[in-house]
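**Student:** Dropping the structure in here first, questions after.
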Amino acid sequence: MAQTTTHDPSPSSHTTISLAERRRSLLSSTVGNVLEWYEWTAYSVMSPFIAAAMFDQNDPTSAILSVFAVFAVGFLMRPIGGIFFGWLGDRIGRKAVLLTTMLMMAAACFLIGLMPTFAMVGVWASVFLLVLRCVQGFAHGGESTASITYIAEIAPNDRRGQWGSVTGVSIIGGSVLAFLVGALLNSTLGDEAMGEYGWRIPFFVAGVMALVVLWMRRKMSESDVFENAAQEVEHPKVPRRRVIAMTVRIIALISGVTCFNYVWMTYMTTYAINEQGMDSSAAYWATVIGQLACVVVSPFLGRLSDRIGRKPMYVLFAVLAIGVTVPFSLLVNDQPWTLTLTVGLALSIWALANSPLAAVQAESLPTYVRGRGIGFAYSLAVAVFGGTAPYLNQLFVSLEQPWLFNAYVMGLCGVTLIASFFFRETKGADLNKLEV
């Protein structure tokens, strides 16, 4: 087990961009990441209506399983996108990747809004949806990788946890925006109109938002840590086995975090509507309110990790997540307040681990392989343990064995707990002088 290592928290002597430039770049990256997560989550928010439009409705359970199966397939493309764009980012820089992935995601999202339905073209509707979700997954893997890497690299050494927490705020912020749009549309149009055409509107909104983000991102500064590493004639090579071992540890650390997240950020709304009979508009509003609690606490928890360290945050998350999984699941019924309460508390618990996640990953890998290392570890963990969570949850519920999924979530949180003890403490590390 690795021992705690102390680091100099002062800014690196290699710094080439000002604090004001860092803050502008942070804002541009964050706004773009919110848009990416809005586009990605819009599919989940609209999943009941997409299931009705794109799949055979002779078997309602089959329809909802099919839509979540496509959800998981999109996630399976994330490791490929993460690895490719991580490798590309290690070669040409983080900024170029952030521009490219956002364009791909926005284009795929806009095309989903234009797609013909199952009633129009039959099975081709399902095929088109599958292809576009794969494109989204590929781009999203690259965006997540580049954003995590970029923000961690431009952050001051002693505030990397706080700055890195905006990646979690972006996840929730994009999700809140998607659910907010869904709630407004559902309240205004009603279920019938939503099923006919309303579900397309959130995807068109994304195309307009993308233009603003592109204008902002064109002025971002490149990561000074990346530029410093690029100027070095030779990189201090780390043995490959150590890089592989650290990548495996990151995957283990993330497994419970991402599974817990996707249960409470996306699936429980669908569960409340389809299984508990909650009014869909009320469910969307309940989810939005619950998610906002996580947005509020995330920066404070990121800052807390800068003070007390990363490891205590993961231990506390794992213990609490294991303890609340069963009672929170049993609490959700057809009353909106039950969804608001459980989502708010569950995602606040998730923020304990997610707020320092960007910092932990960046501080665990050397600069010359940081992009591809994070791309592989983060995207694979999210694809395997996060992307499949809604599908598995719905499957076990349909089999009337929901306890199996609860046991699965608790087991993965146990893996996160064990993995946290195999990380050395890295708060305050100087990424220009990182020892792995």
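**Student:** Provide Rg over Rh for the range 320-386; use the alpha carbon set for both Rg and the Kirkwood Rh (inverse mean inverse pair distance).
**Tutor:** When Rh is taken as the Kirkwood radius, the ratio is 1.14.
**Student:** Something else: Given an 8 Å cut-off on Cα distances and at least 6 residues of separation, report the relative contact order of the range 100-253 as a percent.
**Tutor:** On the way: 80 pairs, mean separation 46.9, N = 154.
It comes to 30 percent, rounded to a whole number.
**Student:** Determine which residues of the range 280-300 fall in the zone a paramagnetic label at Ala193 would reach in this model, i.e. backbone nitrogen under 16 Å from the point 7 Å along Cα→Cβ.
**Tutor:** The answer is 281, whose backbone nitrogens lie closer than 16 Å to the label point.
**Student:** Quick one: the Cα spread of the range 188-235 along its three principal axes, in angstroms, biggest first?
**Tutor:** 63, 22, 12
**Student:** With viscosity set to 1.306 mPa s at 10 °C, what whole-number translational diffusion coefficient in µm²/s follows for the range 100-207 from Stokes-Einstein and a Kirkwood radius over Cα pairs?
**Tutor:** Details: Rh = 15.9 Å.
Rounded to a whole number, D works out at 100 µm²/s.
**Student:** Can you compute the radius of gyration and Dmax for the range 303-436, using only the Cα atoms, both in Å?
**Tutor:** 17.0, 54
**Student:** Oh, and also: Once you charge only the Cβ atoms, +1 for Lys and Arg and -1 for Asp and Glu, what is the size of the charge dipole of the range 337-436 about its Cα centre, to the nearest 20 debye?
**Tutor:** Working: 5 positive and 5 negative charges, 42 e Å.
So the magnitude is around 200 debye.
**Student:** Where a ≥ b ≥ c are the square roots of the eigenvalues of the C-alpha gyration tensor, would you call the range 274-320 rounded, which needs a/c under 1.5, or, failing that, prolate if a/b is larger than b/c, or oblate?
**Tutor:** Working: a/c = 7.14, a/b = 2.29, b/c = 3.11.
Taking the square roots of the gyration eigenvalues as a ≥ b ≥ c, the range 274-320 is oblate.
**Student:** Suppose every K and R has +1 on its Cβ and every D and E has -1 on its Cβ; what is the size of the dipole of the chain about the Cα centre, in Debye to the nearest 20? Could you put the intermediate results ahead of the total?
**Tutor:** Details: 28 positive and 27 negative charges, 285 e Å.
Taking the Cα centre of the chain as origin, the dipole is about 1360 debye.
**Student:** With N set to the residue count of the range 385-431, report its C-alpha Rg divided by 2.2 N^0.38 Å to two decimal places. Please list the in-between numbers first.
**Tutor:** Values: Rg = 15.9 Å, N = 47, 2.2 N^0.38 = 9.5 Å.
Normalised Rg, Cα atoms only: 1.68.
**Student:** For the range 145-189, just the Cα atoms, rotate onto the principal axes and tell me the three extents in Å, largest first.
**Tutor:** So the three principal-axis extents are 48, 18, 9 Å.
**Student:** Placing one identical point scatterer on every Cα of the range 108-171 and ignoring solvent, what is log10 I(q)/I(0) from the Debye formula at q = 0.13, 0.25 Å⁻¹?
**Tutor:** The Debye formula, applied to the Cα set alone, gives -0.53, -0.97.
**Student:** Report the normalised scattering of the range 254-371 as log10 I(q)/I(0) at q = 0.10, 0.12, 0.15, 0.18 Å⁻¹, calculated by the Debye formula with identical scatterers on the alpha carbons.
**Tutor:** Log10 I(q)/I(0), no solvent term: -0.33, -0.46, -0.67, -0.88.
**Student:** Using helices alone, I'd like the mean residue ellipticity at 222 nm for the chain: each DSSP H run of four-plus residues gives -39500 (n - 2.57), total over residue count, nearest 500.
**Tutor:** Helix-only estimate at 222 nm: -26000 deg cm²/dmol.
**Student:** Then there is this: Taking square-rooted eigenvalues a ≥ b ≥ c of the alpha carbon gyration tensor, is the range 81-142 rounded, prolate or oblate, where a/c under 1.5 means rounded and, failing that, a/b exceeding b/c means prolate? Intermediate results must be reported in sequence, preceding the final value.
**Tutor:** On the way: a/c = 5.98, a/b = 2.74, b/c = 2.18.
It comes out prolate by the Cα gyration axes.
**Student:** If you stretched the chain out fully between Val238 and Leu330, how much longer would it get, using 0.36 nm times the residue separation minus the C-alpha to C-alpha distance?
**Tutor:** Numbers: separation 92, 0.36 × 92 = 33.12 nm, distance 4.77 nm.
Roughly 28.4 nm would be gained on extension.
**Student:** Work through the residues other than Gly277 whose Cβ is under 15 Å from its Cβ and net out their charges, Lys, Arg +1 and Asp, Glu -1. Could you put the intermediate results ahead of the total?
**Tutor:** Values: positive: none; negative: Asp191, Glu275, Asp279, Asp334.
Taking every Cβ under 15 Å from that of Gly277, the sum is -4.
**Student:** Which of the three applies to the chain, rounded, prolate or oblate, going by the alpha-carbon gyration tensor with a ≥ b ≥ c and a/c under 1.5 meaning rounded? Please report the intermediate quantities before stating the final value.
**Tutor:** Values: a/c = 1.88, a/b = 1.46, b/c = 1.29.
It comes out prolate by the Cα gyration axes.
**Student:** Ok, one more. Among the aspartates and glutamates, which have Cα under 16 Å from the Cα of Lys95 when same-chain residues fewer than 8 positions away are ignored?
**Tutor:** Within the straight-line limit of under 16 Å, Lys95 reaches these aspartates and glutamates: Glu21, Glu36, Glu143, Glu153, Glu222, Asp224, Glu227.
FYI, it's all coordinate maths here, none of it is from the lab. What you see is a predicted model; the values in this text were computed from it and never measured. Every residue, glycine among them, receives a Cβ derived from its backbone with ideal geometry; neighbour counts consider all protein chains shown.
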